[in-house]
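Below is one structure, written out as structure tokens; comments come after it.
Derivation of every value follows stated rules applied to the coordinates shown; laboratory data play no part. Computed from a predicted model, the values in this text were never measured in an experiment. Counting neighbours? That spans all protein chains shown, and the Cβs are built from the backbone with ideal geometry, glycine included.
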Amino acid sequence: MLESKNIKLRALESSDIDLLYEWENNTDIWTISNTLNPFSKHILKQYLENSHLDIYQTKQLRLIIDLKTNDINIPIGTIDLFDFDPYHLRAGIGILIYSEENRKKGYATEALQSLIDYSFKHLGLHQLFCNIASDNMKSINLFTNVGFNIVGEKKDWIKANSKWINEYLLQLINK
């Protein structure tokens, strides 16, 4: 369920700390991830030490997206469930394919579809949602192509440098 033709979703390992440190502290993606401050290795180490906890305890799940190759799997990004609500059976979803060289190859679609299947079939969720800046057409297309619908727009929601950007709310409901 957490594997497809080219990718495999896996749990975080302690050996991922340097990768997470690089990815989380890249200011180029802070606007997308709503990050304002850098992460220390100490904080990331604590996060990794608790990553084994159940989604029902932490209300979130982060998985590494590994690109399957002949010899070894290569981590190319992360995919997350967050704001997990076990009563209303919903969660937010976010994805990062870190390197430009691994984008536009279908890996994000495979990872997203795998996590959608896991969320609906294994966790029994009723719906997934995501928030995407209105000028992020690559992400909007990614999510709408796997069945998400834009259901709302928040005006002037994201401050990016000296301008304001609207943000879309997208949903995918398991029917």
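Worth pointing out:
- When both the range 143-174 and the range 1-78 are represented by their alpha-carbon centers, they are found 23 Å apart.
- Calculated mean residue ellipticity at 222 nm for the chain: -7000 deg cm²/dmol, from DSSP H runs with n ≥ 4 weighted as -39500 (n - 2.57), summed, divided by the residue count and rounded to 500.
- Contact order normalised by residue count of the chain, Cα under 8 Å, 6+ apart, percent: 19
- Highest average first, the peptides 81-87, 62-68 ordered by how many other beta carbon atoms sit within 10 Å of their residues are 62-68, 81-87.
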